[in-house]
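Student: Dropping a structure here in structure tokens format, bear with me for questions.
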Amino acid sequence: MGLRVLAAMSGGVDSATAAARAVDAGHEVTGVHLALSQNPQSYRSGARGCCTLEDARDARRAADVIGIPFYVWDMAERFARDVVDDFVAEYAAGRTPNPCLRCNEKIKFAAVLDRALALGFDAVCTGHYAQIDSATGALRRAADPGKDQSYVLAVLTRDQIAHAMFPLGDTPKSAVREEARGRGLLVADKPDSHDVCFIADGDTQGFLTRKLGPAPGQIVDEDGTVLGGHDGAYAFTVGQRKGLRVDRPAPDGRPRYVLSIEPVSSTVTVGSPEALAVREITAVRPVWTGCEPPSVPVECSVQLRAHGEVYSCVAALSGDDLHIELREPARAVAPGQAAVLYDGDTVLGSATISATR
């Protein structure tokens, strides 16, 4: 017997194909488009941005082709508070957030799932590239490593994963587009969104400047020597090399990189690439999806950014904090990013990086 499924339809090819597959599987599917922008534009800027009026129309047309009911839910106020405001506050505090994680956590699998369950739906279906193990219920990587999105879904709780469906996790993206063409979906060749979805022009620094205003400070080297100035420390992130306005070149002639950001004094410290090497990470607010909170240190691997490298590590809980010791050093690890632990392809848990050493 099929389930009552709410399919989140962004207006792109992935969510439309996922909804169609849910119908094929025998489920009773209803499509919903989340209106997340308080001032939606009519059209996207190429592959940038999302939540435009064009996207809503594309989602509606796809639902018509699939033959399912379709609604638009206004989530703009919740999205502004839980994702956009959080993004701005994290940068103001000298951290580097990932808004996709917050959106999955707070919007798609909290606000939407809560409402869906209250309306009698059994599950929420999305076009994310990830898999759910049928035997254990654990979140796993997608079959297509280039599209795997388990990293940005690792903030979900076990209960949220139990009410989620990811029909595309076993399929390469190229095959999804081909399938969409065969189904007559007009979004088959629509470009994927990239960058931060609510910054349509891709200018994160300009967006933060408009939100936070000027906050001038100094750029210093590791010894505290002043090398230049800036208009806002929020415009920098750990590991950044370009855009540093310094008055003097490094003594060895090599490029300098951002090593740390001190938001109270608005000081940005720069230095050599060797100083970016990190071997120990402290992370907070762990969420365990693929195992119980470990009582002893665990040998596993960790991913520190979406589509980033995977490092062998030992992870251990100390009170409410997660401590991760890397077997090999990682570079440019910024507070605010997520550390996602894996056992092979299975997500064990995730936490937000608070400090490195």
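Student: Which condition does residue 167 not pass, out of (1) crowded, with 20+ Cβ neighbours inside 10 Å; (2) closer than 22 Å to residue 339 by Cβ; (3) not small (Gly, Ala, Ser), if it passes all the others?
Tutor: (2)
Student: So, one more: Across the stretch 223-259, what is the number of residues that are charged (D, E, K, R), more than 22 Å from residue 89 (Cβ to Cβ) and within 31 Å of the chain's Cα centre (by Cα)?
Tutor: Looking only at that region, the number is 4.
Student: I need the full set of residues from the stretch 183-235 which are more than 25 Å from residue 245 (Cα to Cα) and at pLDDT 90 or above, in order please.
Tutor: Across the stretch 183-235, the qualifying residues are 183, 184, 185, 186, 187, 188, 189, 190.
Student: Just to be sure, is residue 306 at pLDDT below 95 and out of contact with any Pro (no Cβ under 8 Å at 6 or more places or on another chain)?
Tutor: Values: at pLDDT below 95: yes; out of contact with any Pro (no Cβ under 8 Å at 6 or more places or on another chain): yes.
Judged against the criteria, residue 306 is a match.
Student: Of everything in the stretch 183-198, what is buried (at least 19 other Cβ atoms within 10 Å of the Cβ) and not basic (Lys, Arg)? Give them in sequence order. Break it down stepwise before answering.
Tutor: Taking the stretch 183-198 as the starting set, the residues that turn out to be buried (at least 19 other Cβ atoms within 10 Å of the Cβ) are 185, 187, 190, 193, 196-198.
Residues satisfying the conditions are 185, 187, 193, 196, 197, 198.
Student: Do we find that residue 179 is in contact (Cβ under 8 Å) with a residue 40 or more places away in the chain and either in contact with a Lys or Arg (Cβ under 9 Å, 6 or more places away or on another chain) or over 30 Å from residue 91 (Cβ atoms) (or both) in this structure? Walk me through how you get there before you give the answer.
Tutor: Values: in contact (Cβ under 8 Å) with a residue 40 or more places away in the chain: yes; either in contact with a Lys or Arg (Cβ under 9 Å, 6 or more places away or on another chain) or over 30 Å from residue 91 (Cβ atoms) (or both): yes.
Judged against the criteria, residue 179 is a match.
Student: Check 180, 175 and return the single one that is outside any strand (DSSP E or B), surrounded by 18 or more Cβ atoms within 10 Å (Cβ to Cβ) and modelled with pLDDT of 90 or more. Step through it out loud before you land on a result.
Tutor: Details: 175 fails: surrounded by 18 or more Cβ atoms within 10 Å (Cβ to Cβ).
Step by step, each of 180, 175 is checked, and only 180 is outside any strand (DSSP E or B), surrounded by 18 or more Cβ atoms within 10 Å (Cβ to Cβ) and modelled with pLDDT of 90 or more.
Student: Within the bounds of the stretch 346-356, is there any residue that is surrounded by 15 or more Cβ atoms within 10 Å (Cβ to Cβ), without any contact (Cβ under 8 Å) to a residue 60 or more places away in the chain and not in a loop (DSSP other than H, G, I, E, B)?
Tutor: No, every residue in the stretch 346-356 fails to be surrounded by 15 or more Cβ atoms within 10 Å (Cβ to Cβ), without any contact (Cβ under 8 Å) to a residue 60 or more places away in the chain and not in a loop (DSSP other than H, G, I, E, B).
Student: Still on this structure: Which residues, taken from the stretch 148-159, are surrounded by fewer than 21 Cβ atoms within 10 Å (Cβ to Cβ) and part of a loop (DSSP other than H, G, I, E, B)?
Tutor: Answer for the stretch 148-159, where residues must be surrounded by fewer than 21 Cβ atoms within 10 Å (Cβ to Cβ) and part of a loop (DSSP other than H, G, I, E, B): just 157.
Student: Which condition breaks for residue 132 when tested against (1) more than 30 Å from residue 258 (Cβ to Cβ); (2) surrounded by 22 or more Cβ atoms within 10 Å (Cβ to Cβ); (3) modelled with pLDDT of 90 or more?
Tutor: (2)
Student: Still on this structure, please answer the following. Since residue 145 meets every condition but one in (1) touching a residue at least 40 places away in the same chain (Cβ under 8 Å); (2) not in a helix (DSSP H, G or I), which condition does it not meet?
Tutor: Status for residue 145: all satisfied but (1).
Student: Kindly provide the set of residues from the stretch 101-118 that are among the hydrophobic types (A, V, I, L, M, F, W, C) and either surrounded by 20 or more Cβ atoms within 10 Å (Cβ to Cβ) or in contact with a strand residue (DSSP E or B) (Cβ under 8 Å, 6 or more places away or on another chain) (or both), ordered by number.
Tutor: 101, 103, 107, 109, 112, 113, 116
Student: OK, next. May I ask you to list the residues in the stretch 258-271 that are touching a residue at least 40 places away in the same chain (Cβ under 8 Å), surrounded by fewer than 16 Cβ atoms within 10 Å (Cβ to Cβ) and either not assigned by TED's automatic domain parsing to the domain that holds residue 241 or not in a strand (DSSP E or B) (or both)?
Tutor: 265
Student: Under 6 Å between Cβ atoms, which residue pairs at least 6 apart in sequence (or on different chains) link something in the stretch 3-16 that is touching a residue at least 12 places away in the same chain (Cβ under 8 Å) and closer than 14 Å to residue 167 by Cβ with a partner that is polar (S, T, N, Q) and outside any strand (DSSP E or B)?
Tutor: Cβ pairs passing all conditions: 8/126; 9/15.
Student: Looking only at the stretch 83-98, which residues are surrounded by fewer than 19 Cβ atoms within 10 Å (Cβ to Cβ) and either in a helix (DSSP H, G or I) or under 15 Å from the mean Cα position of the chain (by Cα) (or both)?
Tutor: 85, 86, 88, 89, 92
Student: May I pose another question? Would you mind stating whether residue 306 is in contact with a strand residue (DSSP E or B) (Cβ under 6 Å, 6 or more places away or on another chain) and outside any strand (DSSP E or B)? Walk me through how you get there before you give the answer.
Tutor: On the way: in contact with a strand residue (DSSP E or B) (Cβ under 6 Å, 6 or more places away or on another chain): no; outside any strand (DSSP E or B): yes.
In short, no.
Student: Could you say whether any residue in the stretch 71-83 is closer than 16 Å to residue 31 by Cα, among the acidic types (Asp, Glu), assigned by TED's automatic domain parsing to the domain that holds residue 26 and modelled with pLDDT of 90 or more? Steps first, answer last, please.
Tutor: Looking only at the stretch 71-83, we keep the residues that are closer than 16 Å to residue 31 by Cα, and these are 71-75.
Next, from what is left, pick out any that are among the acidic types (Asp, Glu): 74.
With the extra rule that they be assigned by TED's automatic domain parsing to the domain that holds residue 26, the set shrinks to 74.
Still in the running and modelled with pLDDT of 90 or more: 74.
So far as the stretch 71-83 goes, yes, one or more of its residues are closer than 16 Å to residue 31 by Cα, among the acidic types (Asp, Glu), assigned by TED's automatic domain parsing to the domain that holds residue 26 and modelled with pLDDT of 90 or more.
Student: Ok, one more. Out of curiosity, is residue 289 surrounded by 21 or more Cβ atoms within 10 Å (Cβ to Cβ) and at pLDDT below 95?
Tutor: Considered against the rule, which asks whether it is surrounded by 21 or more Cβ atoms within 10 Å (Cβ to Cβ) and at pLDDT below 95, residue 289 comes out as yes.
Student: Ok, one more. Residues being assigned to a loop (DSSP other than H, G, I, E, B), modelled with pLDDT under 95 and on the phi < 0 side of the Ramachandran plot: count how many of those fall in the stretch 13-65.
Tutor: 12
The values are calculated or read from the model by the stated rules, or taken from the named source; none is laboratory data. In this text, all values refer to a predicted model and were calculated from it rather than measured experimentally. Using ideal geometry, Cβ is built from the backbone for each residue, glycine included, and neighbour counts are taken over all protein chains shown.
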